[in-house]
Amino acid sequence: MEIREELLEGDIYRISLDGRMDIEGVASIEKCFAELAGQPHERVAVDMSAVPYMSSIGIRALLINAKAVSRRGGKYIILSPQPEVLDVLKVSGIDQLITICADLDEAGKVLAGN
């Protein structure tokens with residue numbers, strides 16, 4: 001799993017994931033997610049456009065990370081999941097707990113509170 005982090009316009013902190021969110025992939029992103037929990041970012045977008053597969057451990061990692069951001073008053077969204085991953089998120093009900101945005105424009109509006 002490759003991870004890229006960047007601060008975008010509108011103070012959106014984007015974490016771009018590239019690879020499978022299976023047990024090995026999640027192990028490589030746990031440190032990044034743990035560090036994020038201690039950072040002051042209030043608007044977090046996890047870009048999943050390059051994630052072709054997600055298992056239940058990936059769902060767990062997203063939920064834990066979203067909860068940590070929410071606990072400190074931040075907003076957390078999932079950005080641009082591939083169709084197969086989007087299906088997994090919907091079937092598992094994650095879309096009822098974490099907002100899923102199709103693109104960065106939509107994410108910016110959601111994270112800004114519009």
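The values are calculated or read from the model by the stated rules, or taken from the named source; none is laboratory data. Small disclaimer: the values here were computed from a predicted structure and weren't measured. Counting neighbours? That spans all protein chains shown, and the Cβs are built from the backbone with ideal geometry, glycine included.
It is to be established whether one or more residues within the stretch 65-81 are in contact with a Phe, Trp or Tyr (Cβ under 6 Å, 6 or more places away or on another chain), surrounded by fewer than 19 Cβ atoms within 10 Å (Cβ to Cβ) and at pLDDT 90 or above. Write out each step before concluding.
So in the stretch 65-81, the residues in contact with a Phe, Trp or Tyr (Cβ under 6 Å, 6 or more places away or on another chain) come out as 65-66, 69.
Imposing the further condition that a residue be surrounded by fewer than 19 Cβ atoms within 10 Å (Cβ to Cβ) reduces the set to none.
There is no residue in the stretch 65-81 that is in contact with a Phe, Trp or Tyr (Cβ under 6 Å, 6 or more places away or on another chain), surrounded by fewer than 19 Cβ atoms within 10 Å (Cβ to Cβ) and at pLDDT 90 or above.
Output the number of residues of the stretch 1-22 satisfying the condition of being part of a loop (DSSP other than H, G, I, E, B) and either closer than 12 Å to N65 by Cβ or among the small types (G, A, S) (or both). Before you say what the answer is, go through the steps one by one.
Of the stretch 1-22, the ones part of a loop (DSSP other than H, G, I, E, B) are 1, 9-11, 19-20, 22.
Subsequent filtering for residues that are either closer than 12 Å to N65 by Cβ or among the small types (G, A, S) (or both) retains 10, 19.
Matching residues across the stretch 1-22 total 2.
Suppose we keep only residues that are part of a loop (DSSP other than H, G, I, E, B) and at pLDDT 95 or above within the stretch 23-54. Which one would you say is surrounded by the most Cβ atoms within 10 Å (Cβ to Cβ)?
Initially, the stretch 23-54 is screened for residues part of a loop (DSSP other than H, G, I, E, B), giving 38-42, 51-53.
Adding the requirement that they be at pLDDT 95 or above leaves 51-53.
Working: V51: 23, P52: 12, Y53: 14.
Residue satisfying both the conditions and the ranking: V51.
Checking the structure you have, find out if any residue of the stretch 99-109 is buried (at least 19 other Cβ atoms within 10 Å of the Cβ) and in contact with a helix residue (DSSP H, G or I) (Cβ under 8 Å, 6 or more places away or on another chain).
yes
Can you tell me how many residues within the stretch 73-114 are charged (D, E, K, R) and without any contact (Cβ under 8 Å) to a residue 12 or more places away in the chain?
Result for the stretch 73-114: 6.
Being among the basic types (K, R), at pLDDT 90 or above and under 18 Å from V110 (Cα atoms) narrows it down to one of R60, R14, so name that one.
Numbers: R60 fails: under 18 Å from V110 (Cα atoms).
Result of the check over R60, R14: R14.
Does the stretch 80-114 hold any residues that are more than 18 Å from V69 (Cα to Cα), part of a loop (DSSP other than H, G, I, E, B) and more than 14 Å from the chain's Cα centre (by Cα), and which are they?
Result: G93, N114.
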